[in-house]
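> Input: one structure, supplied below.
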Amino acid sequence: MQLEAMQRYVEHRGWKVALEIEDIGSGASERPKRELLLKAARRREIDAILVWRLDRWGRSLLDLVVSLKELSELGVGFVSITEALDLTTPTGRAMAGLLAVFAEFEREILRERVKAGIAQARRRGARHGRPSTTAPQADQILALHAEGKSKSQIARQLGLARTSVRRALAGKPAQVSEAH
């Protein structure tokens with residue numbers, strides 16, 4: 001159904017299909033087919049991208065706005081059939097501007113929530129950031145070092161990264177960095 005509607009749209013506009021990609025995978029974090037389209041846009045091999053719905057293109061409002069801005073800067077049009085969003089027209093570009101405003105608003109709201117959550121946690125006495133991996137083993141690290149063991153030997157024996165051992169010996173709190 002989606003493909004047929006898109007083919008009819010292409011015919012109606014008199015466009016020629018340069019690249020057809022099915023199932024980009026709207027929720028996936030790795031989207032090689034979408035990247036293929038973006039690379040084609042960057043190489044100026046395509047003039048427009050046509051999608052069935054916006055959520056087929058963007059993972060989030062921010063992702064959508066950023067990618068639409070890049071396409072606009074490249075001179076590549078973008079059309080979403082379901083939402084009747086056509087960035088090849090002045091009205092569509094105005095709508096993209098509104099999307100950018102809402103994405104910025106969403107970012108600011110999220111940023112404020114995160115800051116408020118961190119402040120509240122600190123007021124309750126909770127530490128913020130990644131926990132130290134060496135704090136529970138600091139005494140062991142110092143004892144093994146006093147025995148003359150190298151940082152590498154200590155790291156292997158305790159299952160830590162050598163950098164964590166080095167930081168512990170220097171008196172700095174080590175961040176999460178387990179040895180693999």
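Residue-wise test of (1) modelled with pLDDT of 85 or more; (2) of a type in the set (Phe, Trp, Tyr); (3) farther than 21 Å from Val10 by Cβ.
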residue	(1), (2), (3)
Val65	no, no, yes
Leu71	yes, no, no
Gly77	yes, no, no
Ser80	yes, no, no
Glu83	no, no, no
Gly97	no, no, yes
Glu108	yes, no, yes
Lys115	yes, no, yes
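> Just wondering, is there one or more residues in segment 3-26 that are within 27 Å of Val101 (Cβ to Cβ) and loosely packed, with under 13 Cβ neighbours inside 10 Å?
Within segment 3-26, not a single residue is within 27 Å of Val101 (Cβ to Cβ) and loosely packed, with under 13 Cβ neighbours inside 10 Å.
> In segment 96-127, what residues are among the charged types (D, E, K, R) and either surrounded by 10 or more Cβ atoms within 10 Å (Cβ to Cβ) or assigned to a helix (DSSP H, G or I) (or both)?
The answer is Glu104, Glu106, Arg107, Glu108, Arg111, Glu112, Arg113, Lys115, Arg122, Arg123.
> Touching a strand residue (DSSP E or B) at 6+ places or on another chain (Cβ under 9 Å) and of a type in the set (S, T, N, Q), is that true of Gln137?
Considered against the rule, which asks whether it is touching a strand residue (DSSP E or B) at 6+ places or on another chain (Cβ under 9 Å) and of a type in the set (S, T, N, Q), Gln137 comes out as yes.
> Does segment 160-170 include one or more residues that are in contact with a helix residue (DSSP H, G or I) (Cβ under 9 Å, 6 or more places away or on another chain), among the small types (Gly, Ala, Ser) and either loosely packed, with under 11 Cβ neighbours inside 10 Å or not in a helix (DSSP H, G or I) (or both)?
Yes; the residues of segment 160-170 include at least one that is in contact with a helix residue (DSSP H, G or I) (Cβ under 9 Å, 6 or more places away or on another chain), among the small types (Gly, Ala, Ser) and either loosely packed, with under 11 Cβ neighbours inside 10 Å or not in a helix (DSSP H, G or I) (or both).
> Further question: If you take the residues of segment 37-63 that are modelled with pLDDT under 90 and farther than 22 Å from Tyr9 by Cα, which of them is farthest from the chain's Cα centre (by Cα)?
Leu61
> Need the failing condition index for Leu64 against (1) touching a residue at least 40 places away in the same chain (Cβ under 8 Å); (2) surrounded by 13 or more Cβ atoms within 10 Å (Cβ to Cβ), just the number.
Single failed check for Leu64: (1).
> Give me the pairs, please: first residue somewhere in segment 85-98 and within 16 Å of Val51 (Cβ to Cβ) and assigned by TED's automatic domain parsing to the domain that holds Glu73, second residue anywhere and among the basic types (Lys, Arg) and surrounded by 12 or more Cβ atoms within 10 Å (Cβ to Cβ), beta-carbon distance under 6 Å, and either six or more positions apart or on two chains.
What qualifies is Leu87/Arg93.
> Now for a different question. Among the residues that make up segment 108-116, is at least one of them free of Cβ contacts under 8 Å to residues at least 12 places away in the same chain and on the phi > 0 side of the Ramachandran plot?
No, segment 108-116 has no match at all.
The values are calculated or read from the model by the stated rules, or taken from the named source; none is laboratory data. Because the structure is a prediction, the values reported are computed rather than measured. No Cβ is skipped: glycine too gets one built from the backbone with ideal geometry, and neighbour counts run over all protein chains shown.
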